[in-house]
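Data first, discussion second: the structure below is written as structure tokens.
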Amino acid sequence: MLLKNLHGKRIILASQSPRRQELVKGLELEPVIVSREVDESYPANIQGADVAAYVTRKKAEAYWPELEPNDVLITGDTVVLLGSRVMEKPRDVNEAKEMLRALSGKTHTVASGIAVTTLTQGVRVKVDTCEVTFTDLSDALIDHYIASYAPFDKAGSYGVQDLMGFAGVEKINGSFFTVMGLPTLPLFHLLESIDDDIEG
């Protein structure tokens, strides 16, 4: 393990997302996976990338009462921003189609929040953003994508690592992993800065 300060600590990833699990393991970590329903609503006065930061912190605080002195908790949230509009996960096929049609031929921003929480250092949140440009998406591509890939667990109704990324994304300005839903470099820096002496 590269991050020697984490030796012997329990790394907890609060996410059922296979994409986030894959990316955390890419940092040579073997997290314990936990998941619970967390209210992801946010106040109306919070906008843009701050939504991802707010919900990421909210998820961390939901697990706070159960943390042990030796635990390192990772939480995250991703939103797609088209102008002033915040796109989260689509509720149904119609909303997924509407989102993808809105994104077609435009550049949008993906904001992914990441938090690392320990009892001694509290909740520390970072947000990374990335600009993604879509080509013009045909109705055939949109319909096939939704039917075959069921993107209802993905902000903005798409995954950059699957067909929509291959056939729909023209350009990315920023981190590919941020678009996938977990900004690996900010996470690495947060983990790297955890105190060696958090063990109880």
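Other residues lying with their Cβ under 11 Å from the Cβ of M1 contribute a combined charge of 0, Lys and Arg counting +1, Asp and Glu -1. Figure legend: label point modelled 7 angstrom from the Cα of E66 along Cα→Cβ; residues of segment 13-27 with amide N under 14 Å from it are 13-16. Distant-in-sequence amide contacts of Q121, defined by a placed amide H-H separation under 5 Å and a gap of 5 or more residues or a different chain, comprise nothing. Shown here is the pair-distance distribution of the chain: with all Cα-Cα distances grouped in 5 Å bins from zero up to the longest one, the shares run 1, 8, 17, 20, 19, 14, 10, 6, 4, 2, 0, 0 percent. With contributions of -39500 (n - 2.57) from each DSSP H run of at least four residues, the per-residue ellipticity at 222 nm computed over the chain stands at -9500 deg cm²/dmol. Among F188, F177, F166, a tally of other beta-carbon atoms within 10 Å of each Cβ gives an order, fewest to most, of F166, F188, F177. Placing unit charges on each Cβ (+1 for Lys and Arg, -1 for Asp and Glu) gives the chain a dipole about its Cα centre, and among V80, P65, L190 the Cα reaching farthest toward its positive end belongs to V80.
Other residues lying with their Cβ under 11 Å from the Cβ of D136 contribute a combined charge of 0, Lys and Arg counting +1, Asp and Glu -1. What is the local net charge at V32, summed over the other residues whose Cβ is closer than 10 Å to its Cβ (Lys, Arg +1; Asp, Glu -1)? Neighbour charge sum, excluding V32 itself: -1.
Excluding the sites themselves, what is the longest stretch of the chain that contains no GluC sites (Glu not before Pro) in a DSSP loop with at most 10 other C-beta atoms within 10 Å? Looking at the chain, 38-200 is the longest stretch - no exposed GluC sites (Glu not before Pro) with at most 10 other Cβ atoms within 10 Å. When both segment 128-200 and segment 1-66 are represented by their alpha-carbon centers, they are found 15 Å apart. Our analysis of segment 131-200 gives Rg over Rh at 1.19, with the two radii drawn from alpha carbon positions and Rh computed by the Kirkwood formula.
Here, each number is a calculation from the coordinates, and none is a lab measurement. As the structure is a computational prediction, the values presented were derived from the model and not from experiment. When we count neighbours, we look across all protein chains shown, and the Cβ atoms used for this are built from the backbone with ideal geometry, even at glycine.
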